[in-house]
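Reviewing the structure listed below.
The values are calculated or read from the model by the stated rules, or taken from the named source; none is laboratory data. Not measured: the values here are computed from a predicted model. For neighbour counting, all protein chains shown are included, and Cβ atoms are generated from backbone atoms with ideal geometry for every residue, glycine included. Remember, those area values only see protein heavy atoms, side chains included, never the ligands or the DNA or RNA. Shrake-Rupley method; radii C 1.70, N 1.55, O 1.52, S 1.80 Å.
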Amino acid sequence: MCSIHTVIPHPLFCCCYETLNGKCLALRTNITSFSKAMSENGALPLRGKVLTLDTMNANVKKVDYAVRGPIVQRAVQIEKELKEGVKKPFEEVIKANIGDAHAMGQRPITFFRQVMALCTYPQLLDDNKFPEDAKNRARRILQSCGGNSIGAYTTSQGIDCVRHDVANYIQRRDGGIPSDPDNIYLTTGASDGIVTILKLLTTGEGRTRTGVMISIPQYPLYSASIAELGAVQINYYLNEEKCWSLDISELQRSLQAAREHCNPCVLCIINPGNPTGQVQSRQCIEDVIRFAAKENLFLMADEVYQDNVYAEGCAFHSFKKVLFEMGPEYSSKVELASFHSTSKCYMGECGFRGGYMEVMNMDPEVKAQLTKLVSVRLCPPAPGQALMDLVVNSPQPGEPSYQTFMKERTAVLSALAEKAKLTEEILNTVPGISCNPVQGAMYSFPRITLPERSINEAKAKGQAPDMFYCMKLLEETGICLVPGSGFGQREGTYHFRMTILPPTDKLKIMLNKLKEFHQKFTQQYS
């Protein structure tokens, strides 16, 4: 049934237009005629889209972020298929691809959520269900916010009282070495701070382009950011045979080779390591600092897993602490930015996007530019800043929440230590899988031996062999891992990264399914 709606008063649209089943018919025809006529008269040329793959920023096309890449996209599709009733050889997808603790079932720390509830809905300050120390933290944070509201913008560098609390925390952590609140920048997770510092450092063209030294394997934030900014990625390889240790001779080799084609300016260290789970010794950190001083490199220390240390004989040493204990020859010279986050450790509060960075020995004029740069984005999320304050200003002995807080904190870290050991033990029982001890962080990065036939089939499909392996694992078992090729690895070796975050019972099931799959995969392609 046709219905007449209106008449458009234009010589090219002198007819009425009609709709049939909700679709405009005549109007579409006349608009096409109009466009063609105007184009012929030179008034309105026909053009394609302004933004295409050919016209877009070429650096963005080089960005790759394996942690949320094709494997994860397929995992999301499979979850939808399961909900729609599609039959699979499994009942759920286990996402062991990313360090998202709460998504894996870890419960939030009670004290943190109490204070966040109070900050978000201050009327609860009159509720007797909340302990007084939680109320005191909330009042102090709210009093530092515009209009006493966590919904207000904060200063660009971050809420003043939170930056002071961060500085006090660092000073306690490092045995009394002073920390200046003016050197603290609150950030949208550690990632935001890392990218911001890389922006300041990236410059030049051709052989003068900034070179950034990153460990291989590495966390893809670094390779992605380097690509986006147009800097040069300089790979240095961790030693898998020595539990992913860092050798200064390898740093030197990498640096010398890079100087042939770029200007190396930055050395990035992740400690404890992601994806490899190693914890650097104090001696190693000293050697890295001496290397950075000798070669005049800016040091970036990603220390977001500083509470995640499990292996006997291992301990976390902050780069700042070691730097100052090495004396003024180093502490007054080496430029350092260190990073922490609310997302990892025992907190696992990824979604709040809270973090901080501390800068040391930064040129005052550059520091002013840093402050300007962070001002462009107004401020980090105020809830994330508030949560960061609770991490660095947690309940103390004698406060009402202390015992519960310590009980929950200890339980999370103890469970992670148990799961780190369990992961290593089970994986090392599988012929063709070799797993280094998970000394810290939240991941294992096992090496897998793949049959030649599977390697050839993967290459025929245009896939990396470990991507082929992980995709088949997902389709057959529902386990979502990230192939080692997404993090970088030595030529001819294959790995995958898996998080140790699932609950212990689910982790055991996952590891046993992985064991069965690997044996079946090996038989199939042998």
What distance in nm lies between label points placed 7 Å from Cα along the C-beta direction at Arg140 and Arg453? 6.5
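Give, rounded to the nearest 20 debye, the magnitude of the charge dipole that the chain has about its Cα centre when Lys and Arg contribute +1 at Cβ and Asp and Glu contribute -1 at Cβ. Can you show the working numbers first?
Numbers: 57 positive and 55 negative charges, 245 e Å.
Result for the chain is approximately 1180 debye, rounded to the nearest 20.
In the stretch 110-393, how does Rg compare with the Kirkwood Rh, expressed as the Rg/Rh ratio over alpha carbon atoms?
Working: Rg = 19.5 Å, Rh = 19.7 Å.
Ratio value, two decimals: 0.99.
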The stretch 225-243 to the stretch 251-268: how many Å between their Cα centroids? 11
Which value, in Å², gives the accessible area per residue of the stretch 110-393 when a 1.4 Å probe is used on the protein heavy atoms? 38
Would you work out the relative contact order for the chain, in percent, from Cα pairs under 8 angstrom that are 6 or more residues apart? 19
Taking all protein chains together and a probe of 1.4 Å, list Val376, Val391 from the most accessible to the least accessible. Val376, Val391
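Keeping all protein chains in place and using 1.4 angstrom, which order do Asp389, Asp54, Asp287 fall into by accessible surface area, from largest down? Before the final figure, lay out the partial values.
Values: Asp389 0, Asp54 145, Asp287 50 Å².
So, going from the largest accessible area down, we get Asp54, Asp287, Asp389.
For Phe324, Phe319, give the ranking by accessible area with the largest first, probe 1.4 Å. It would help to have the intermediate numbers written out before the result.
Numbers: Phe324 70, Phe319 5 Å².
Largest to smallest exposure gives the sequence Phe324, Phe319.
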Cβ under 11 Å from Ala301's Cβ, Ala301 left aside: what net charge do those residues give with Lys, Arg +1 and Asp, Glu -1? -1
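Pulled fully out, how much extra length does the chain show between Glu312 and Lys333, if you take 0.36 nm times their separation in residues and subtract their Cα-Cα distance?
Details: separation 21, 0.36 × 21 = 7.56 nm, distance 3.36 nm.
Length gained between Glu312 and Lys333: 4.2 nm.
Go ahead and estimate [θ] at 222 nm for the chain from helices alone: -39,500 (n - 2.57) per DSSP H run with n ≥ 4, summed, over the residue count, rounded to 500.
Working: 18 runs with 222 residues, N = 526.
Using -39500 (n - 2.57) per qualifying helix, the result is -13000 deg cm²/dmol.
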Placing each pseudo-label 7 Å from Cα in the direction of the beta carbon, Asn263 and Arg47 end up separated by a distance in nanometres of 3.7
Quick one: how many Å² of Tyr219 are accessible to a 1.4 Å probe, rounded to 10? 50
Just want the answer: with Cβ charges of +1 for Lys and Arg and -1 for Asp and Glu, which residue in Gly175, Ile248, Pro465 is farthest toward the dipole's positive end in the chain? Pro465
So what does Glu335 come to for accessible area, using a 1.4 Å probe and Å² rounded to 10? 70
Hey, how many Å between the Cα centroid of the stretch 284-304 and the Cα centroid of the stretch 107-154? 39
Evaluate E = 1/(1 + (r/R0)^6) for Arg207 and Arg107, where r is the Cβ-Cβ distance and R0 equals 60 Å; express this FRET efficiency to the nearest 0.05. 0.70
At 7 Å along Cα-to-Cβ for each site, give me the label-to-label distance between Glu425 and Gln252 in nm. 4.2
Which value, in Å² rounded to 10, gives the accessible area of His317 with a 1.4 Å probe and all protein chains present? 50
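Could you look at the stretch 110-393 and say what percent of its accessible area is carbon and sulfur, using a 1.4 Å probe and all protein chains?
Numbers: 5330 of 10750 Å².
Summing carbon and sulfur atoms, their accessible area is 50 percent of the total for the stretch 110-393.
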Neighbour net charge for Thr154 - beta-carbon separation under 15 angstrom, K R +1, D E -1: 0
Roughly how tilted is helix 382-392, in degrees to the nearest 10 and between 0 and 90, from the longest Cα axis of the chain? 20
For the stretch 204-300, calculate the relative contact order in percent as a whole number, restricting contacts to Cα pairs under 8 Å that are 6 or more residues apart. 32
In the stretch 271-383, if the dipole is taken from +1 on Lys/Arg beta carbons and -1 on Asp/Glu beta carbons about the Cα centre, which of Met362, Leu378, Tyr305 is farthest to the positive end? Leu378
Taking the Cα atoms only, what angle lies between the long axis of helix 504-525 and the longest principal axis of the chain, rounded to 10 degrees? 70
Nearest 10 degrees is fine. How inclined is helix 402-427 to the longest principal axis of the chain, computing both from alpha carbons? 80
